[in-house]
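The values are calculated or read from the model by the stated rules, or taken from the named source; none is laboratory data. Just so we're clear, the structure is a prediction, and the values are computed from it rather than from any experiment. Backbone-built Cβ (ideal geometry, glycine too); neighbour counts: all protein chains shown.
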Ligand SMILES: [Mg+2]
């Protein structure tokens with residue numbers, strides 16, 4: 001499992017919720033539209049496993065998409081992602097709603113986004129992440145660019161970083177005597 005860069009470790013140890021953009025992050029940004037107008041997308045199984053691992057570790061996962069598709073609804077249901085917001089015009093407004101719904105603070109939230117409409121959330125969250133194949137204008141506002149591309153394991157990479165950073169904290173905590181590790 002990947003180790004977290006030392007300068008990011010503290011930030012990542014605070015994270016309780018990972019929010020994900022869909023197009024370009026959970027996918028490579030491609031959209032398939034058939035002749036009846038039905039949209040489909042390609043998801044990476046490794047990313048799905050990353051989401052499952054996070055949830056098992058007690059980290060919440062949410063999805064925010066500017067578009068709306070049945071494929072995303074189905075994939076979210078498969079993975080047990082209940083914080084699902086599609087057809088979002090103003091991502092900041094949705095972000096505020098999620099904070100109210102979860103009771104979490106900016107420092108406890110990470111966001112992965114790849115395009116201009118993601119910038120307001122990326123500026124607000126505790127840990128801001130983008131992918132190497134995203135819009136380059138996002139780079140200056142993020143803390144971390146994944147090695148894996150969007151739609152090709154980027155979410156898995158971030159999931160492993162969060163789990164690894166938080167496991168390190170558990171191992172070091174003097175109060176950890178509940179036998180959970
Ligand atoms: Mg996107």
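Give me a count of the residues in segment 51-71 that are crowded, with 19+ Cβ neighbours inside 10 Å and either out of contact with any strand residue (DSSP E or B) (no Cβ under 9 Å at 6 or more places or on another chain) or part of a strand (DSSP E or B) (or both). The qualifying residues number 5. Number of residues in segment 40-68 that are without any contact (Cβ under 8 Å) to a residue 60 or more places away in the chain and within 13 Å of residue 80 (Cβ to Cβ) equals 8. Among the residues of this structure, residue 10 counts as one that is over 13 Å from the mean Cα position of the chain (by Cα) and part of a helix (DSSP H, G or I).
The residues in segment 124-140 that are within 20 Å of residue 13 (Cα to Cα), within 16 Å of the ligand (Cβ to nearest atom) and without any contact (Cβ under 8 Å) to a residue 40 or more places away in the chain can be counted, and the count is 3. Restricting the search to segment 96-111, which residues are within 16 Å of the ligand (Cβ to nearest atom) and touching a helix residue (DSSP H, G or I) at 6+ places or on another chain (Cβ under 6 Å)? Result: 111, single match. Residues of segment 77-102 that are surrounded by fewer than 13 Cβ atoms within 10 Å (Cβ to Cβ) and part of a loop (DSSP other than H, G, I, E, B): 80, 82, 87, 89, 90.
Being within 16 Å of the ligand (Cβ to nearest atom) and at pLDDT 95 or above is a condition met by no residue of segment 48-61. Selection of segment 12-47 for residues being farther than 28 Å from residue 99 by Cβ and within 14 Å of the ligand (Cβ to nearest atom) yields 28, 30, 31. Could you please let me know if residue 37 is surrounded by fewer than 20 Cβ atoms within 10 Å (Cβ to Cβ), outside any helix (DSSP H, G or I) and modelled with pLDDT under 95? Yes. With respect to residue 120, is the statement that it is within 16 Å of the ligand (Cβ to nearest atom), in contact (Cβ under 8 Å) with a residue 24 or more places away in the chain and over 20 Å from residue 42 (Cα atoms) true? Against the criterion (within 16 Å of the ligand (Cβ to nearest atom), in contact (Cβ under 8 Å) with a residue 24 or more places away in the chain and over 20 Å from residue 42 (Cα atoms)), residue 120 qualifies. Evaluating residue 28 against the criteria (1) in contact with a helix residue (DSSP H, G or I) (Cβ under 9 Å, 6 or more places away or on another chain); (2) at negative phi leaves one unmet condition, (1).
Among the listed residues 9, 74, which satisfies the condition of being surrounded by fewer than 18 Cβ atoms within 10 Å (Cβ to Cβ), away from the ligand (no atom under 14 Å from the Cβ) and at pLDDT 95 or above? That would be 74, the only listed residue that is surrounded by fewer than 18 Cβ atoms within 10 Å (Cβ to Cβ), away from the ligand (no atom under 14 Å from the Cβ) and at pLDDT 95 or above. Would it be correct to say that residue 48 is closer than 30 Å to residue 170 by Cβ and assigned to a helix (DSSP H, G or I)? It is true that residue 48 is closer than 30 Å to residue 170 by Cβ and assigned to a helix (DSSP H, G or I).
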